[in-house]
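Have a look at the structure below, then the notes.
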Amino acid sequence: MKTKLSLVLVCLAAALASCSKPSGEATRTRGDEAIPVTVAPVASVPLDRTISIVGTLYAKDEATIGAQVEGQVEKTRVDFGDRVTTGQELALIDTTAYEAQARQSAANVAKVKASALNAEQNLKRVQDLQRDKISSASDLDKAVADAEQARAEVKAAEAGDAIAQLNLERSHVRAPFDAAVAERIASAGDYLKIGAPLFRIVNDAVLKFIFQVPERSASFVTKRLPVQFSVDNYPGETFTGSVYLISPSVSTSSRAFGVGALVTNTDFRLKANTFARGALTLERAVPTPMIPLEAVVSFAGVTKVFVVEGPTVRARAVKVGRIQDGRQEILEGLKPGENVVVSGQSRLSDGSKVMIQSPPPTPVMDQSAGPTAAAEHEKR
């Protein structure tokens with residue numbers, strides 16, 4: 001009986017051993033199996049090379065209009081928000097004193113011109129007498145000196161008259177260029193010293209968009225380069241400008257340099273001192289590596305892809321740029337012609353063996369059948 005029991009136990013042990021061995025072999029085989037994946041090539045796509053920019057819109061021309069003569073403000077003819085044209089009168093400073101000075105200077109000019117005329121006539125008379133040996137040399141010298149003094153007095157009087165006329169004109173405060181009144185500082189009745197401000201005006205028909213560009217892009221920035229931007233008060237709308245100003249130096253703190261673009265604003269929709277964000281196109285149609293968006297894997301702050309190298313894949317870190325039409329721009333890490341995994345990455349690690357599969361065919365719908373046929377296809 002014991003002999004039979006021992007024999008049964010031995011048989012059972014042998015059976016268990018024979019069952020466990022194939023199981024271990026199967027495990028090793030599965031570990032060596034290639035992982036099925038689908039891949040896509042790194043394509044070279046012509047893209048415009050652009051950089052993002054942020055900055056502020058400023059009025060191209062801005063001025064604080066100050067009093068050029070002293071006196072009391074008699075009238076202000078414009079106010080905050082008014083639009084003015086070149087030469088338009090903005091305010092009038094009391095002209096009473098300046099009109100009197102102008103009249104006095106004009107009368108003085110007439111007086112000295114009359115004296116000068118007499119001096120010139122006397123000189124001619126003395127010169128005639130001198131030729132006839134009637135007058136002395138001293139008489140001629142005095143006549144010449146009197147005429148020269150009279151001419152000098154005329155020039156001085158004319159200069160004084162010009163100043164008086166200028167001061168009279170300056171009592172009429174005028175716009176130096178087409179603009180909008182951003183601020184009225186003085187009011188009628190104020191007494192102003194020379195230089196005291198009356199208005200602040202801005203030419204907002206043309207704005208300048210001032211922004212910073214990283215120094216690495218310096219070689220691409222040239223005048224007349226197109227700029228596109230948007231502002232918060234017109235969501236979804238794009239405005240354009242053209243580079244006209246490039247700073248000659250780079251900031252040591254930001255490692256960037258200033259750039260200015262002129263923006264036509266004849267409809268006055270854009271406001272000066274508005275924040276703007278946009279894009280600067282550095283190059284047109286630059287061949288750029290692009291891959292399907294699903295090929296990109298991000299983990300622990302690292303962006304990578306799996307690149308096919310023979311029967312295996314290698315995990316490779318990449319630097320990404322823009323996303324366009326379901327494709328990811330690759331700035332660094334890949335070159336056109338390489339193949340990247342687009343499905344099956346969840347089972348991969350660096351060095352995994354892979355088996356490349358063809359992507360499943362996209363079902364072709366019979367467009368002539370219409371929506372009903374498509375619905376039937378979905379049901380099947």
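The values are calculated or read from the model by the stated rules, or taken from the named source; none is laboratory data. What you see is a predicted model, and the numbers here were worked out from it, not measured in a lab. Neighbour counts are summed over all protein chains in view; Cβ atoms, including those assigned to glycine, are modelled from backbone coordinates with ideal geometry.
Things to note:
- Selection count where residues are small (G, A, S), crowded, with 16+ Cβ neighbours inside 10 Å and farther than 18 Å from S105 by Cβ, scope the stretch 140-170: 2
- Of Q212, Q165, all but one fail to be more than 14 Å from E70 (Cα to Cα) and outside the structural domain of V263 (by TED's automatic domain parsing); the exception is Q165.
- Filter result for the condition that a residue is in a helix (DSSP H, G or I), within 30 Å of D178 (Cβ to Cβ) and free of Cβ contacts under 8 Å to residues at least 12 places away in the same chain, over A152, A110, A102, A162: A162
- For the stretch 323-339, a residue qualifies if it is exposed (fewer than 14 other Cβ atoms within 10 Å of the Cβ) and touching a residue at least 24 places away in the same chain (Cβ under 8 Å), and the qualifying residues are I323, Q324, G326, K335, G337.
- Selection of the stretch 95-139 for residues being surrounded by fewer than 16 Cβ atoms within 10 Å (Cβ to Cβ), of a type in the set (A, V, I, L, M, F, W, C) and farther than 30 Å from V73 by Cβ yields A110, A114, L117, L129, I134, A137.
- Of the residues making up the stretch 180-209, just one is aliphatic (A, V, I, L, M), under 14 Å from the mean Cα position of the chain (by Cα) and buried (at least 17 other Cβ atoms within 10 Å of the Cβ), namely L207.
- Matching residues, the stretch 156-203, being among the charged types (D, E, K, R) and under 22 Å from R103 (Cβ atoms): E158, D161, E169, R170
- Here the condition is being in contact (Cβ under 8 Å) with a residue 40 or more places away in the chain and charged (D, E, K, R); of R174, R216, it holds for R174 alone.
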